[in-house]
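Report on the following structure.
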Amino acid sequence: MSTLFLALVITSSQILLGLSMLCATYRMARGPRAQDRVLGLDALYLGATLLLVTYGIQTGRSLYFEAALAIGLLGFAGTVALAKFLMRGEVIE
Amino acid sequence: MIQGPDLPTWAAVIVGLLLLTGATTTLIGTLGLLQLKSFYERVHAPTLGTTLGAALILAASMVSFSVLQSRPVIHEILIGVFVTLTTPVTLMLLARAAIYRDRSEGASRVPTDGPRRTPPA
Amino acid sequence: MNRLFPYPVLTLALFVMWILLTGFSPGHVLLGGLVAALVSRTMLSLKPEPTGFRPSLAIFRLAGLVLADIVRSNFAVARIILFKPAERHSGFLHLPVELRNPYALAVLAVIITATPGTLWVQHDARRHVILIHVLDLIDEETWIRFIKDRYERLLLEIFE
């Protein structure tokens, strides 16, 4: 009984996170300016990280934890590189 | 895919509550991304997800794994530390890039470099 | 001790991270300790400035204040997004700071940006003024006094 309840709760929170990733995708696709797109991408990375953590809870496997950590790292590096590019026009000075 | 871990009822209630509130907080943050009017207002929106949203979902994961394996599992704290330390860095860089771009285009609503002259002593 | 571990806090942090990632077993304790001791020595060649960090109880007071403020402003920003109050306006704010220590300024930057509703934009190192963007700007003076009283005083206590 409690397992079924928890399974439903996990699925609905995954839907909520998916909706939030949809909002971020909209901001990334629509702009209007480049900084808005980068901001949307950053929020999208965060949504993906948290969604992977919920998959970890759902399956009880720690594999998803490592994937979430890797996505978080990639998101940080990617957003910093894009922000530097917006400011200077190049990434490595 | 309806599937869930086999937790006792008290743990299931805790994990479920933490997950739902965390996911809702993150969703509210990104709704702000849609709804707020200017870029400088929108930068504030994702911080909801990176602070309270991430903390609650990671706490749910910690409780779930600790109960399942009946030993404390706290490696999710690494994601938490990482997210809270890196998000300010990216947001600051992004805000500085935005303000630099706006200034070079001469936007009127952005403060210039020296609006407040310090009075001579 | 100082010759063996020039940066004890960094060494400890690396060791704890290794254990958290791989799990607790005698082999990993040995390997993690070795990696932490060797990797933290690479900081020697970077020659970072001394931080002027003074361990005191003020750290815990600051951490508690920041946690409480983050939770509180989470609710404040969520209210703004969901209910769209009509008489709200956002804006920039010039905050004069007394902090000079770059590490203390970095901590203040992370605190201000991590808290929803306030964002650190720029630091003018010549005039010692910080540019902050605030989502719900009621009164400039209130915000300036709030940040100075709550965070800057404690940071001045923690950092030399």
Of A:GLY47, A:LEU73, A:THR3, which is farthest on the positive side of the dipole of chain A, counting Cα position, with +1 on Lys and Arg Cβ, -1 on Asp and Glu Cβ, and the Cα centre as origin? A:GLY47
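Equivalent-ellipsoid semi-axes (√(5λ), Cα gyration tensor) for the protein assembly as shown, whole Å, largest first? Don't skip to the answer; put the middle values down first.
Numbers: eigenvalues 235, 164, 75 Å².
One finds semi-axes of 34, 29, 19 Å for the protein assembly as shown.
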Across peptide B:54-60, how many C-beta atoms of other chains are within 10 Å of each residue C-beta, on average? 4
Can you sort C:MET17, C:MET43, B:MET92 by 1.4 Å-probe accessible area, starting with the largest? C:MET17, C:MET43, B:MET92
Label C:VAL35 and C:SER56 with points 7 Å out from Cα along Cα→Cβ: what is the distance between them in nm? 3.7 nm
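Kirkwood hydrodynamic radius of segment C:58-158 from all distinct Cα pairs, in Å?
Its Kirkwood hydrodynamic radius stands at 14.1 Å.
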Starting at the first residue of segment C:96-113, write each ³J(HN,Hα) from the Karplus equation 6.51 cos²θ - 1.76 cosθ + 1.60 with θ = phi - 60°, in whole Hz, x for Gly and Pro. x, 10, 9, 5, 10, 5, x, 5, 5, 5, 4, 4, 4, 4, 5, 4, 5, 6
GNM top mover of B:LEU68, B:LEU18, B:LEU52 - chain B, alpha-carbon springs below 10 Å: B:LEU68
Using 7 Å Cα-to-Cβ label points, what is the C:LEU21/C:LEU46 separation (nm, one decimal)? 1.6 nm
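Between B:LYS37 and C:PHE146, what's the calculated FRET efficiency when r is the beta-carbon distance and R0 is 22 Å? Round to 0.05.
On the way: r = 25 Å, r/R0 = 1.13.
FRET efficiency, B:LYS37 to C:PHE146: 0.35.
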Averaging over all projection directions, find the projected area of the Cα convex hull of segment B:34-105 and quote it in nm² with one decimal place. 5.6 nm²
Calculated FRET value between B:TRP10 and B:ILE77, using beta carbons and R₀ = 22 Å, to 0.05: 0.45
How large, in Å, is segment C:1-135 by the Kirkwood hydrodynamic radius built from its alpha-carbon pairs? 18.5 Å
Which value, in Å² and to the nearest 10, is the accessible area of A:ARG27 when all protein chains are kept and the probe is 1.4 Å? 20 Å²
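Which order do B:THR50, B:THR21, A:THR3 take when ranked by solvent-accessible area (1.4 Å probe, heavy atoms of all protein chains), largest first?
Listed by decreasing accessible area, they come as B:THR21, A:THR3, B:THR50.
Give a quick list of chymotrypsin sites (Phe, Trp or Tyr not before Pro) in segment C:1-93 that DSSP marks as loop, anything other than H, G, I, E or B, with at most 13 other Cβ atoms within 10 Å. Don't skip to the end; give the middle numbers.
Numbers: sites: C:PHE15, C:TRP18, C:PHE24, C:PHE53, C:PHE60, C:PHE75, C:PHE83, C:PHE92; in loops: C:PHE24.
In loop regions of segment C:1-93 (DSSP not H, G, I, E or B), the sparsely surrounded chymotrypsin sites (Phe, Trp or Tyr not before Pro) are C:PHE24.
Multiply the residue gap between A:ALA77 and A:SER62 by 0.36 nm, knock off their C-alpha separation, and tell me the result in nm, one decimal place. Mind dumping the intermediate values first?
Details: separation 15, 0.36 × 15 = 5.40 nm, distance 2.36 nm.
Stretched out fully, the A:ALA77 to A:SER62 stretch lengthens by 3.0 nm.
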Work out from phi, with θ = phi - 60° and the Karplus expression 6.51 cos²θ - 1.76 cosθ + 1.60, the ³J(HN,Hα) of each residue of segment B:56-69, listed in order in whole Hz, and give x for Gly and Pro. 5, 5, 5, 5, 4, 5, 4, 4, 4, 5, 5, 6, 4, 9
Helix A:34-59 against the longest principal axis of chain A: what's the angle in degrees, Cα atoms only, rounded to the nearest 10? 20 degrees
As a test of the formula, what do you get for chain A when each DSSP H run with n ≥ 4 contributes -39,500 (n - 2.57) and the sum is divided by the residue count, at 222 nm and rounded to the nearest 500 deg cm²/dmol? -31000 deg cm²/dmol
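Taking the radius of gyration and the Kirkwood hydrodynamic radius from Cα positions alone, what is the Rg/Rh ratio for chain B, to two decimal places? All intermediate terms of the calculation are to be shown ahead of the outcome.
Working: Rg = 20.8 Å, Rh = 17.4 Å.
Rg/Rh: 1.19.
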Between C:GLU157 and C:TYR7, what is 0.36 nm times their sequence separation minus the Cα-Cα distance? Round to one decimal in nm. 51.8 nm
What are the semi-axes of the equivalent ellipsoid of segment A:2-88, taken as the square roots of 5 times the eigenvalues of the Cα gyration tensor, listed largest first and rounded to whole Å? 30, 16, 5
Report the label-to-label distance for B:THR21 and A:THR25 in nanometres (one decimal), using points 7 Å from each Cα along the Cα→Cβ vector. 3.0 nm
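The values are calculated or read from the model by the stated rules, or taken from the named source; none is laboratory data. Computed from a predicted structure; not experimentally measured. Counting neighbours? That spans all protein chains shown, and the Cβs are built from the backbone with ideal geometry, glycine included. Surface areas here come from the heavy atoms of the whole protein model, side chains and all, with no ligands, DNA or RNA. Shrake-Rupley method; radii C 1.70, N 1.55, O 1.52, S 1.80 Å.
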